[in-house]
Amino acid sequence: MFNEEFHLEHPLKWGMVGGGRGSQIGYIHRCSAARDRLFTLTAGAFDVDEERGREFGVNLGVPPERCYSDYKTMFAGEAKRPDGIEAVTIATPNGTHYEICKAALNAGLHAVCEKPLCFTGAQANELLALAEEKNRIIGVTYGYTGAQMIHQAKNMIARGDLGDIRIINMQFAHGFHSAEVEKNDAGTKWRVNPATAGPSYVLGDVGTHALYLAKAMIPSLEIEELMCNRQSFVKSRAPLEDNAFVLLHFKGGAVGNLWASCVNAGSTHQQKIRVVGSKASVEWWDEHPNQLRYEVQGQPVQILDRGMGYLYQDDEMVTQDRMGGGHAEGLFEAWANLYRRFGTAMDRVNHGQRAGDVMDDLWFPNIRDGVQGVKFIERCVCSADQGSVWVEY
């Protein structure tokens, strides 16, 4: 079972940029970071409106003098304090991630950043080099990969239960934006604006989540080439897509496909991954995160449940299992599992380890994964804009 007694000698002093009142993701960041006592929220630049951000922060228990007008003021002010923040979460629109993440690294801070890290491969590689130079951890919130059954699938694949991997089918196709909801929804409006969202909408917003599920299950997975076709069914969103199909060839001979969409009318989420091997297949659906479908050729379908004794009981699985089998766990637990790893990684670096060594030793969605997410978006856009041609990865 989960080790509730695990703790850091000194919880990480932590700040937030964004995530203020009305934020879609601010609460889950704060709740997940606080779950295991590894982080203490001590400062924030929560809102573009200074007064509103200060009021919000004070309501959360942050001292008013540590509720800042913007991230630059916060980084400078906290650097002068003996008890200044050590880490920051960046929960702002896509177009701000690169500058804030760069500033955080230059301020000597660890960071947790929403995806995508930035807009271009050049920016992503710059952040990677800067993180290595500053020896800081950057975690990326691919939150679904904190679900326990993703790691059961990873172990099954690694142990050869599926045989040789042949096909990977990925999708994240919801229907909440099948109409032009951005007219009255600020949280969607910035997502369909190239200035704030970058060169892609659904590929970056949901497609990279689906792709990283595959990477978490199969760490050795490498894309060789891809072909992308994308559409803007709500015409006002052009040139950004609200639907996309990607075909992938992986090194070693496996093939894959990815469907990313926000116009799958009637669907609440439809994030699924199916990995097909020469002997068996596994399938996971985020609307039923506690189950993993296991299909062996010639045998009845098996539904594996979280928290059960027949699962592979390696250290990672035991660490993630927060309650006994039969009780439903969900997205908040998955995110808390990630923040537990983010905090552990940051603490190890604070105690003298190199960030690169920590990333090699401890699984968590890190800056290397974030760089690959940016590269994937970039190559998909390149393929689609050339008439849906195959492009090398």
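Numbers at a glance
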{"quantity": "Where F119 falls short, out of the listed (1) of a type outside the set (A, V, I, L, M); (2) touching a residue at least 60 places away in the same chain (Cβ under 8 Å); (3) in a helix (DSSP H, G or I); (4) buried (at least 21 other Cβ atoms within 10 Å of the Cβ)", "calculated": "(3)"}
{"quantity": "Qualifying residue in region 318-341 (condition: under 18 Å from F39 (Cβ atoms), buried (at least 21 other Cβ atoms within 10 Å of the Cβ), of a type in the set (S, T, Y) and in contact (Cβ under 8 Å) with a residue 60 or more places away in the chain)", "calculated": "yes"}
{"quantity": "Region 17-29 residues that are more than 21 Å from K72 (Cβ to Cβ), paired with ones that are among the aromatic types (F, W, Y) (beta carbon under 8 Å, 6 or more apart)", "calculated": "R21/F46; R21/F56; I28/F332; I28/W335"}
{"quantity": "Selected residue (only one of G330, G324, G356, G309 is at pLDDT 95 or above and more than 18 Å from K115 (Cα to Cα))", "calculated": "G356"}
{"quantity": "Condition broken by D314, with the remaining ones in (1) open to solvent by 40 Å² or more (accessible area, probe 1.4 Å); (2) more than 22 Å from R274 (Cα to Cα); (3) modelled with pLDDT of 85 or more satisfied", "calculated": "(3)"}
{"quantity": "Whichever residue in region 126-147 is closer than 15 Å to I100 by Cα, touching a residue at least 60 places away in the same chain (Cβ under 8 Å) and not in a loop (DSSP other than H, G, I, E, B) and, among such residues, is most open to solvent (accessible area, probe 1.4 Å)", "calculated": "L128"}
{"quantity": "Residue list for region 260-280, filter: more than 16 Å from K215 (Cα to Cα), of a type outside the set (V, I, T) and open to solvent by 10 Å² or more (accessible area, probe 1.4 Å)", "calculated": "N264, A265, G266, S267, H269, Q270, S278, K279"}
{"quantity": "Residues that are of a type in the set (A, V, I, L, M) and either surrounded by 22 or more Cβ atoms within 10 Å (Cβ to Cβ) or in a helix (DSSP H, G or I) (or both), drawn from region 104-114", "calculated": "A104, L105, L109, A111, V112"}
{"quantity": "Residue match in region 194-202 (condition: over 22 Å from N229 (Cβ atoms) and out of contact with any Pro (no Cβ under 7 Å at 6 or more places or on another chain))", "calculated": "yes"}
{"quantity": "Strands (runs of 3 or more DSSP E) within region 265-309 that include 2 or more residues in contact (Cβ under 8 Å) with a residue 40 or more places away in the chain and closer than 30 Å to L203 by Cβ", "calculated": "271-277, 280-285, 291-296"}
{"quantity": "Filtered residues of region 212-225 (kept if in contact with a Gly (Cβ under 9 Å, 6 or more places away or on another chain) and in a helix (DSSP H, G or I))", "calculated": "Y212, A214"}
{"quantity": "Only one of W363, W335 that is of a type outside the set (D, E, K, R), within 23 Å of H151 (Cα to Cα) and assigned to a loop (DSSP other than H, G, I, E, B)", "calculated": "W363"}
{"quantity": "Checking H351 against (1) under 30 Å from L248 (Cα atoms); (2) surrounded by fewer than 22 Cβ atoms within 10 Å (Cβ to Cβ); (3) at pLDDT 95 or above, the condition it does not meet", "calculated": "(1)"}
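To keep it simple, each residue is scored yes or no on (1) among the charged types (D, E, K, R); (2) more than 20 Å from F245 (Cβ to Cβ); (3) outside any loop (DSSP other than H, G, I, E, B).
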{"residue": "G163", "(1), (2), (3)": "no, yes, no"}
{"residue": "I168", "(1), (2), (3)": "no, no, yes"}
{"residue": "F172", "(1), (2), (3)": "no, no, yes"}
{"residue": "G175", "(1), (2), (3)": "no, no, no"}
{"residue": "A179", "(1), (2), (3)": "no, yes, no"}
{"residue": "G187", "(1), (2), (3)": "no, yes, yes"}
{"residue": "P199", "(1), (2), (3)": "no, no, no"}
{"residue": "A210", "(1), (2), (3)": "no, no, yes"}
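The values are calculated or read from the model by the stated rules, or taken from the named source; none is laboratory data. Since this is a predicted model, take the numbers as computed values, not measurements. Positions of Cβ are generated from backbone atoms using ideal geometry, with glycine treated the same way; all protein chains shown enter the neighbour counts. Please note that ligands, DNA and RNA were not included when accessible areas were found on the heavy atoms of the full protein model with its side chains. Shrake-Rupley method; radii C 1.70, N 1.55, O 1.52, S 1.80 Å.
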